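The values are calculated or read from the model by the stated rules, or taken from the named source; none is laboratory data. Small disclaimer: the values here were computed from a predicted structure and weren't measured. Here Cβ is always computed from backbone atoms with ideal geometry, including for glycine, and neighbour counts include all displayed protein chains. For accessibility, only protein heavy atoms count, side chains too; no ligands or nucleic acids. Shrake-Rupley method; radii C 1.70, N 1.55, O 1.52, S 1.80 Å.
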Amino acid sequence: MVEQVTGVSINKANKLGKSIPKIIRLIDIEKNEYERISTTSNEFDRVLGKGIVLGSVVLIAGDPGIGKSTLLSHLAINIGRPSAVSLVPSAGNLRDKDENLVIYVAGEESAQQIKLRMDRIDSRAEVSFLEETDVDAITAAIEANMPKLVIVDSIQTMETQDLSAAAGSVSQVRESAHRLQRVAKKLHIPMFLVGHVTKEGTLAGPRTLEHLVDVVLTLEGDQTNNFRILRSTKNRFGPTDEVGVFEMNENGMKEVTNPSQVFLEERVSAPGSAVTAVLTGLRPILVEIQALVTKTNAPMPRRVGTGVDNNRLQLLVAVLQKRLKLPLWDQDVFVNVTGGLKITEPAADLAICAAIVSSFKDFALPNNAAYIGEVGLLGEVRTIRNLEKRTKEAQKLGYAKVFSAENLKNISGLLKSN
Ligand code: TYD
Ligand code: MG
């Protein structure tokens, strides 16, 4: 059962002296570009769709320890600088106090702990803190100070006295986010909310927050490397699926402006390695797919994918078995995407197949080859969107030989292409 604050009924609204709202016609609405400010990081701006829209509420979700607080500390520091630039000239908004005030609401860690983190990033950081978890007190402080940006770390620690449920419960999280969102919209102040992901991989507060906020970003990465991928899964002001790539080091997070190059830096041409180009939002990124095929005595051979969909992997293994007559039934198949990027599109199918074939047959694929295409159940290679864009990116980085539906009609060609 979920407790809720009951809304104001129509009759009650009338009694309070509120007038009946006016209906607005589409043609009477003024057309305005969204007012945006830059995060001062190209990668971050790209994911948001050219910067932070004033008055927008952005949810940043991710596993504990992945770097959400670190990324937002960078943001707070950069926006708090007097030199921070506005992308669109401000149309005389409500702000008049300290022009560069950034408020970091510390609900989870003390301001002191956050200071330690910010010191690692920049010892001259100018950020203000609110050590508070009462959302009504926070909104009051926001109204009184009119900051340029508010960061709430994290939404799960916020609560309102109007509900008796504990902080972190669905009703508290939802109501707190709702109240913050109203203030953001009313005062034209952008807000970033940190949201923890539960063990099941969903945002606590069963996805209710995703509907409430304007933008949902997830910060991903794996334990084995320092790359962090910031991905937009919902964006009312820009494209979704756009990713920004960062690298975590001892002084915080550095943006990676040339992910293709960085992801392939350590690549060695060996059996089981294939290169492909995935499209993230508008940008093609080259990644290496690695496969390891080894004999097993287990009755159920394993098919384990990291960064690729497991069902897709099972299917591709079945296609290889049937169409190329590869005896994979007594082989474990492991597939890994280097760099920690999670691939969701079928354009990587051909590279996954090529990597598996290469590992099984124990031969290295041509050093300068890239594999881009979807693989169908009949073993046919299918065209994918924006092949040209991906091909260009591949060739730019020296992968001159691009295998795709244009020159490889069927995966049987993989056996001959070496
Ligand atoms: P943090 O931002 O606290 O994660 P989250 O808010 O998502 O829980 O990051 C925690 C990890 O990042 C911690 O293991 C230490 C590491 N870290 C660095 O490697 N470099 C740094 O400059 C900072 C501040 C943290
Ligand atoms: Mg944190």
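Observations, loosely collected:
- The stretch 103-147 shape via C-alpha gyration tensor axes, a/c threshold 1.5: oblate
- Residue-normalised accessible area of the chain, given per residue in Å² at a 1.4 Å probe: 49 Å²
- Computed 3J(HN,Hα) for the stretch 57-69, one whole-Hz value per residue from the Karplus formula 6.51 cos²θ - 1.76 cosθ + 1.60 where θ = phi - 60°, is 10, 10, 9, 10, 10, x, 5, x, x, 7, x, 4, 5, glycine and proline marked x.
- Residue-wise HN-Hα couplings along the stretch 102-117, as the Karplus relation 6.51 cos²θ - 1.76 cosθ + 1.60 with θ = phi - 60° gives them from phi, are 10, 9, 9, 7, 9, x, 9, 10, 6, 4, 4, 5, 5, 4, 4, 5 Hz; Gly and Pro carry x.
- Amide H contacts of residue 154 (H built 1.01 Å from N, in plane; Pro and chain starts excluded): 107, 108 sit under 5 Å, all sequence-distant by 5 or more or on other chains.
- Check: the stretch 256-380 dipole with +1 on Lys, Arg Cβ and -1 on Asp, Glu Cβ, in debye: 260 debye
- Applying 0.36 nm per residue to the separation of residue 302 and residue 20 and subtracting their alpha-carbon distance, the gain on full extension is 95.1 nm.
- Additional length obtainable on full extension of the chain from residue 185 to residue 295, 0.36 nm per residue less Cα span: 33.7 nm
- Helix 170-187 and the longest principal axis of the Cα set of the chain meet at an angle near 70°.
- Degrees between helix 349-361 axis and first principal axis of the chain (Cα, 0 to 90, nearest 10): 40 degrees
- Mean shadow area of the chain, taken as a quarter of the surface of its Cα convex hull (nm²): 25.5 nm²
- For the chain, the longest principal axis of the C-alpha atoms and the axis of helix 310-323 are separated by about 20°.
- Rg ratio (alpha-carbon, reference 2.2 N^0.38 Å) - the stretch 189-345: 1.22
- Gaussian network model of the chain, Cα within-10 Å springs - most flexible of 384, 24, 138: 24
- Cα gyration tensor shape for the stretch 332-417, rounded if a/c is under 1.5, else prolate or oblate: rounded
- Label-point separation in nm, residue 31 to residue 410, each point 7 Å along Cα→Cβ: 5.3 nm
- Dipole axis of the stretch 226-279 (+1 Lys, Arg; -1 Asp, Glu on Cβ), positive-most option in 243, 233, 271: 233
- Loop-resident GluC sites (Glu not before Pro) (DSSP state other than H, G, I, E or B) in the stretch 359-411 with no more than 15 further Cβ atoms inside 10 Å of their Cβ: 406.
- 16 Å reach of a label modelled at residue 117, 7 Å along Cα-to-Cβ, counting backbone N of the stretch 36-59: 59
- If the chain linking residue 143 and residue 283 were pulled fully straight, counting 0.36 nm for each residue of separation and taking away their Cα-Cα distance, it would gain 46.5 nm.
- Most mobile of 224, 160, 233 in a GNM of the chain (Cα contacts under 10 Å): 224
- Within a Gaussian network of the chain (alpha carbon springs, distance under 10 Å), most fluctuating of 225, 367, 297: 297
- Residues 309, 330, 214 ordered from highest to lowest accessible area at a 1.4 Å probe: 309, 330, 214.
- Theoretical FRET efficiency, 1/(1+(r/R0)^6), r = Cβ-Cβ of residue 5 and residue 42, R0 30 Å, to 0.05: 0.15
- Pairs from 50/401; 148/186; 148/342 whose Cα-Cα separation, in the structure shown, is over 24 Å: 50/401; 148/342
- Charge dipole of the stretch 289-418 about the Cα centre (unit charges at C-beta), most positive-ward option of 357, 311, 335: 357
- Within the accessible area of the chain (1.4 Å probe), percent carbon and sulfur: 51 percent
- Counting DSSP beta bridges with both ends in the chain, the antiparallel % (nearest 5): 55 percent
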